[in-house]
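Contents: one structure, followed by commentary.
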Amino acid sequence: MTTTAVSTPIIPKRSGRAGPLKLLFRNQLAAFGLIMLLLILLLVLITPWLPLPDPDATALSKRLLPIFSEGHWLGTDQLGRDMLSRILWGTRVSLAVGITATLVAASIGSLIGLLAGYFGGYLDGTLMRGIDMLMAFPYILLALAIVAVLGPGLMNALYAIAIVNIPFFARNVRGVVVTLRNREFVDAARLSGKGDVRILVSEILPNVMPVIVITMSTTVGWMILETAGLSFLGLGAQPPQADLGSILGEGRRLIINAPHVATIPGLVIFILVMSINLLGDGVRDALDPRLKAGALHRPAARTKAMPEAKAAVVGQQKGLLEVRALRTEFHVGHEIHQAVNSPSFHIEPGECLGIIGESGSGKSVTAMSLLGLVASPPGVIMAGQVIYKNENLAGVSDERLRQLRGGELAYIFQDPLSTLHPLFTVGDQLVEAMRAHQRLSYRDAWQKAVQLLEQVRIPNAKERAKVYPHQLSGGMRQRVSIAMALANEPQLIIADEPTTALDVTVQAQILRLLNQLRREQNASLMFITHDFGVVAEMCDRVAVMYAGELVEIGPVKELLENPAHPYTRRLIACVPDVTKVQPQLTEIPGLPPQVNNLPVGCKFADRCDQVTDRCRQAPVELEALTDERQARCIFAREVL
Amino acid sequence: MSKLEITDLVKRYGGGKNLLRQELPMVHAVRGVSLDVKPGEILGIVGESGCGKSTLAKMLVGLESPTEGRILMDGVELSAPRKKINLKKLSQQVQYIFQDPNSSLNPRKTIREILSAPLKYLRGMDNTEREQRLKELMEKVNLRSEFLDRYPHEFSGGQAQRIGVARALAAEPDLLILDEPVSALDVSVQAQVLNLLKALRQEFSLTYLFISHDLGVVRNFCDRVAVMYFGRIVERGTADDIFRRPRHPYTQRLLDSVPGAAFERLPPESDAVILPDPYHPPKGCSFAPRCPFAQARCEEESPELTEMNPGHDAACYYPLDDDHRRD
């Protein structure tokens with residue numbers, strides 16, 4: 001073996017993100033629902049052992065006793081049967097039927113969904129058309145029809161309710177399976193020798209389980225209501241057996257003389273279904289992966305900034321935009337992720353500054369922090385300043401920030417398909433971008449939009465302005481985003497990996513275009529990338545980031561030819577050179593430190609080949625090496 | 001004998017007629033690819049998105065079946081049109097390494113479960129054999145065996161990709177298809193995986209088919225290279241020939257486009273580049289609309305791969321010469 005890189009173990013750590021159970025309890029309504037449901041379940045389970053009179057024992061002398069009568073807390077019904085006992089036994093029946101029907105519907109529906117989604121083709125067509133037919137009937141009518149055919153009775157009501165609920169499971173499960181089927185891990189399982197049945201059971205089913213549980217939790221309440229409905233109509237439980245619906249049905253006739261006979265089962269149904277639904281909503285929120293990531297909180301319009309970061313500007317600003325010791329953190333649960341650790345830099349007018357780093361180095365978060373675009377929560381700007389025209393951007397009013405965003409300071413993102421609105425034509429989106437900042441009539445703005453599209457060299461711009469983003473190729477879409485960034489004569493364009501998603505020949509075109517336009521408009525460019533080739537081609541100066549820190553900054557040519565920080569040096573060596581063959585590719589062993597557990601000293605120490613004890617003892621400061629170059633390494637001077 | 005021999009492989013999707021006998025659209029993904037891979041070599045396949053390189057890879061491992069053409073491995077037919085593929089048998093010879101290490105590992109399974117599958121179903125090992133082999137595999141890819149009981153999300157991209165490599169090795173294949181195995185990884189980690197792959201090839205005398213769009217990686221990793229454009233191979237030869245003496249203008253265009261490498265031998269491309277339509281492939285050379293040297297003939301006839309120098313073929317009527325100028 002020539003490789004020696006034995007992986008550093010990842011420290012097993014509890015994630016700061018709350019688990020499903022914790023999320024469930026954080027939702028107070030769901031917790032309330034759970035407690036209510038548990039209480040009801042407990043009562044119902046111990047019913048046979050409670051000192052209650054027989055629910056079917058009639059005593060005509062004691063008929064229609066009001067509530068709180070002696071020996072009968074909830075009174076008696078028209079045949080003198082104890083209401084409390086009947087309600088508890090009835091709830092037992094209703095719950096048993098509701099839950100059993102749910103389980104039956106879930107098993108059959110999920111099986112249909114799994115088979116239809118996984119195998120597709122004719123099987124999918126046949127099964128799903130069957131489901132469509134079930135869904136074409138109003139379901140209570142269908143349930144009535146089924147009971148009418150099978151005859152009244154509790155078991156038949158259960159079948160009817162299970163059948164009408166199969167489509168909900170089948171459709172939900174099929175939808176998920178169709179996307180899962182095309183995931184690479186399914187292909188991988190197939191190549192590992194697993195057959196279709198094994199893949200369905202052991203690869204796909206575990207991933208569909210949350211969806212089944214969510215659907216169950218949201219339908220079980222319905223099913224109890226439906227059972228009650230059928231029994232109310234006399235089609236479910238047959239006397240003397242009673243469930244909540246049939247008790248309610250019998251009490252209906254006495255509503256004037258003895259309202260409690262109908263009211264109490266109604267109330268119990270209400271409480272039962274309500275608690276199940278509250279819990280169901282909570283379960284859905286806790287299990288839904290999108291909501292788990294914190295999407296339940298609507299992100300604020302700008303990143304939350306601590307008072308320290310909002311302080312007024314002291315002293316003279318450097319260049320067009322200056323960043324001073326910016327510190328952005330993510331507060332997730334009880335953990336703090338220090339994404340950006342006090343980088344300071346500035347951009348001159350008309351300059352292109354490259355920011356290079358690997359994933360997790362904080363380069364994008366730095367760029368997003370400039371105009372408060374980091375989602376809050378969890379992002380917080382803890383300290384530092386972003387200075388533009390002698391204003392601290394973290395402290396300016398929302399109005400001023402809105403004016404700057406997309407105006408004098410514009411962004412271009414990596415994936416134009418997710419930043420352009422899919423339902424508006426590209427022309428309309430350009431018009432909107434211009435009219436948000438300038439007083440222009442729609443017609444004038446449209447004309448300017450066409451000019452902008454011409455400026456970014458989109459052939460046949462007049463026609464192309466009328467198309468939707470998905471009708472354009474990736475390269476053309478990125479041109480549209482560039483046009484949008486240029487729409488309001490920006491002073492600074494912040495481009496976050498604008499060519500990473502593009503093919504190499506398209507990338508070459510986009511880079512050339514960006515360079516030309518920047519020169520024509522005399523705008524500054526902040527170019528975030530992980531590619532040294534792109535930096536060499538585009539940038540005047542480059543800043544290298546590692547673990548949220550700026551480790552080195554300087555003019556591109558000098559820095560690439562003679563890097564002062566060991567990380568820069570080794571990272572450059574890692575890039576496979578297209579012009580020559582290296583016998584062995586250089587690698588950097590290990591992994592970057594986790595930003596929620598950063599070392600005190602040099603953050604690169606664990607992977608550095610010239611590390612000394614001194615490196616780990618205290619934070620290493622960014623040191624000026626020449627007028628233009630700085631590096632964060634105690635040996636940097638010796639290298640230069 | 002070649003390890004792998006592909007003849008005139010074609011893959012089309014869709015097509016046929018609907019109930020009203022109207023023609024349905026048909027995508028031409030791979031349009032006649034012939035290749036041979038020698039035992040123990042690394043053949044690189046280079047091309048941009050949509051050129052059919054991933055479809056080609058999926059046909060080689062049996063995840064897709066070809067519309068036309070033949071695939072022979074060690075002289076035995078692996079897959080042919082309208083023949084059911086015996087995936088279990090094929091998977092013991094050919095394995096696949098996916099581009100995105102995280103999406104190719106089931107998030108709800110431990111590494112032990114993931115790696116056990118090929119040992120159990122392809123190699124028929126019992127429990128004790130498997131336990132032993134799992135430890136060996138983890139060691140081979142430089143991961144600690146304690147990691148076996150972790151879930152995929154606990155691993156970084158580079159580690160997850162090494163698990164992907166271990167899973168492929170578990171099947172004890174002769175041929176590995178690597179579909180952009182490092183393009184989702186950071187440069188510093190990319191080298192770890194590439195060096196590991198090189199070492200493993202030596203140790204287990206494997207043959208690699210390495211698909212990538214990163215020319216730097218291909219130059220440094222591959223022995224021979226085939227360049228694909230729009231479902232066809234337009235040039236093939238040793239890595240050295242392809243990178244130093246490209247013959248096809250498209251290959252030169254790719255090299256010119258590498259940022260910072262400063263080849264730039266062709267005039268810059270116009271902004272109105274027309275990409276061929278996969279529903280209606282052109283009659284002539286598909287690169288002709290983008291080619292600075294295209295002549296009338298290029299629009300009319302499609303050039304075949306012809307030998308330019310020994311072991312160096314290009315499909316071009318007007319190839320570049322050694323000084324990167326046209327004849």
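Select from the range A:358-382 the residues that are within 14 Å of another protein chain (Cβ to nearest Cβ) and surrounded by 24 or more Cβ atoms within 10 Å (Cβ to Cβ) and list them in ascending order.
Once the filter is applied, which keeps residues that are within 14 Å of another protein chain (Cβ to nearest Cβ) and surrounded by 24 or more Cβ atoms within 10 Å (Cβ to Cβ), the range A:358-382 yields A:Ser361, A:Gly362, A:Lys363.
Can you list residue pairs whose Cβ atoms sit under 6 Å apart, with the first residue in the range B:32-47 being over 18 Å from B:Ile242 (Cα atoms) and the second being among the charged types (D, E, K, R) and in a strand (DSSP E or B)? Count only pairs 6 or more apart in sequence or on different chains.
B:Gly32/B:Asp8
Hey, among the residues in the range B:91-119 that are in contact with a strand residue (DSSP E or B) (Cβ under 9 Å, 6 or more places away or on another chain) and more than 23 Å from A:Val201 (Cβ to Cβ), which one's farthest from the other protein chains (Cβ to nearest Cβ)?
So the residue we want is B:Gln93.
Restricting attention to the range B:94-111, does a residue exist that is part of a loop (DSSP other than H, G, I, E, B) and in contact with a His (Cβ under 8 Å, 6 or more places away or on another chain)?
Checked against the condition, which is being part of a loop (DSSP other than H, G, I, E, B) and in contact with a His (Cβ under 8 Å, 6 or more places away or on another chain), the range B:94-111 yields at least one hit.
Could you tell me whether any residue of the range B:263-286 is at pLDDT 90 or above and within 19 Å of the chain's Cα centre (by Cα)?
no
Residue under question is A:Arg435, and the condition is that it be at pLDDT below 90 and either surrounded by fewer than 18 Cβ atoms within 10 Å (Cβ to Cβ) or among the charged types (D, E, K, R) (or both); does it hold?
no
Quick check on the range B:130-151. Is at least one of its residues more than 9 Å from chain A (Cβ to nearest Cβ), within 30 Å of B:Cys51 (Cα to Cα) and acidic (Asp, Glu)?
For the range B:130-151, residues more than 9 Å from chain A (Cβ to nearest Cβ), within 30 Å of B:Cys51 (Cα to Cα) and acidic (Asp, Glu): absent.
Give me a count of the residues in the range A:26-59 that are free of Cβ contacts under 8 Å to residues at least 40 places away in the same chain and either surrounded by 14 or more Cβ atoms within 10 Å (Cβ to Cβ) or not hydrophobic (A, V, I, L, M, F, W, C) (or both).
Final tally of qualifying residues: 9.
Test of understanding: among A:Ile199, A:Ile247, A:Ile264, which residue is more than 14 Å from chain B (Cβ to nearest Cβ), farther than 17 Å from A:Val97 by Cβ and in a helix (DSSP H, G or I)?
A:Ile264
Considering only the range B:178-202, state which residues are more than 10 Å from chain A (Cβ to nearest Cβ) and either free of Cβ contacts under 8 Å to residues at least 12 places away in the same chain or not polar (S, T, N, Q) (or both).
Passing the criteria: B:Leu178, B:Glu180, B:Pro181, B:Arg201.
Please count how many residues of the range A:44-82 are among the aromatic types (Phe, Trp, Tyr) and under 22 Å from A:Leu267 (Cα atoms).
2
Give A:Pro206, A:Pro210 a once-over and let me know the one that is within 14 Å of chain B (Cβ to nearest Cβ), in a helix (DSSP H, G or I) and modelled with pLDDT under 90.
A:Pro210
Any residue in the range B:213-230 that's on the phi > 0 side of the Ramachandran plot and at pLDDT below 95: show its pairings with residues that are basic (Lys, Arg) and surrounded by fewer than 24 Cβ atoms within 10 Å (Cβ to Cβ) at Cβ separation under 8 Å, as long as the two are six or more apart or on different chains.
From the range B:213-230, the pairs are B:Phe230/B:Arg31.
Identify, from the list B:Gly69, B:Gly32, B:Gly40, the residue that is away from every other protein chain (no Cβ under 13 Å), more than 17 Å from the chain's Cα centre (by Cα) and not in a helix (DSSP H, G or I).
Selected residue: B:Gly69, the only one of B:Gly69, B:Gly32, B:Gly40 that is away from every other protein chain (no Cβ under 13 Å), more than 17 Å from the chain's Cα centre (by Cα) and not in a helix (DSSP H, G or I).
Determine which member of the set A:Val164, A:Val213, A:Val173, A:Val178 is over 29 Å from B:Ile114 (Cα atoms) and either out of contact with any strand residue (DSSP E or B) (no Cβ under 9 Å at 6 or more places or on another chain) or β-branched (Val, Ile, Thr) (or both).
Only one candidate passes the filter, namely A:Val164.
Within the range A:355-393, count every residue that is among the aliphatic types (A, V, I, L, M) and over 26 Å from the mean Cα position of the chain (by Cα).
The total comes to 6.
Identify all residues within the range A:103-137 that are within 24 Å of A:Phe185 (Cβ to Cβ), in a helix (DSSP H, G or I) and under 31 Å from the mean Cα position of the chain (by Cα); write none if there are none.
Matches in the range A:103-137: A:Ser110, A:Leu111, A:Ile112, A:Gly113, A:Leu114, A:Leu115, A:Ala116, A:Gly117, A:Tyr118, A:Phe119, A:Asp124.
Out of A:Leu235, A:Leu158, A:Leu150, which single residue is over 23 Å from A:Tyr118 (Cα atoms) and free of Cβ contacts under 8 Å to residues at least 40 places away in the same chain?
Every option except A:Leu150 fails the conditions.
Identify, from the list B:Ser183, B:Ser188, the residue that is assigned to a helix (DSSP H, G or I) and polar (S, T, N, Q).
Answer to the check: B:Ser188.
Restricting to the range A:616-636, give me the number of residues that are among the polar types (S, T, N, Q) and buried (at least 16 other Cβ atoms within 10 Å of the Cβ).
1
Which condition number does B:Glu172 fail, the rest of (1) more than 10 Å from chain A (Cβ to nearest Cβ); (2) in a helix (DSSP H, G or I) being met?
Of the numbered conditions (1) more than 10 Å from chain A (Cβ to nearest Cβ); (2) in a helix (DSSP H, G or I), the odd one out for B:Glu172 is (2).
I need a count of the residues in the range A:439-457 that are surrounded by fewer than 22 Cβ atoms within 10 Å (Cβ to Cβ), at pLDDT below 90 and assigned to a loop (DSSP other than H, G, I, E, B).
Summing the residues that are surrounded by fewer than 22 Cβ atoms within 10 Å (Cβ to Cβ), at pLDDT below 90 and assigned to a loop (DSSP other than H, G, I, E, B) in the range A:439-457 gives 1.
Tell me whether the range A:584-593 contains one or more residues that are touching a helix residue (DSSP H, G or I) at 6+ places or on another chain (Cβ under 7 Å), of a type in the set (S, T, N, Q) and at pLDDT below 90.
Checking the range A:584-593: at least one residue is touching a helix residue (DSSP H, G or I) at 6+ places or on another chain (Cβ under 7 Å), of a type in the set (S, T, N, Q) and at pLDDT below 90.
The values are calculated or read from the model by the stated rules, or taken from the named source; none is laboratory data. Predicted model only: the values in this text are computed from it and were never measured. With ideal geometry, Cβ positions are generated from the backbone for all residues, glycine too; neighbour counts draw on all protein chains shown.
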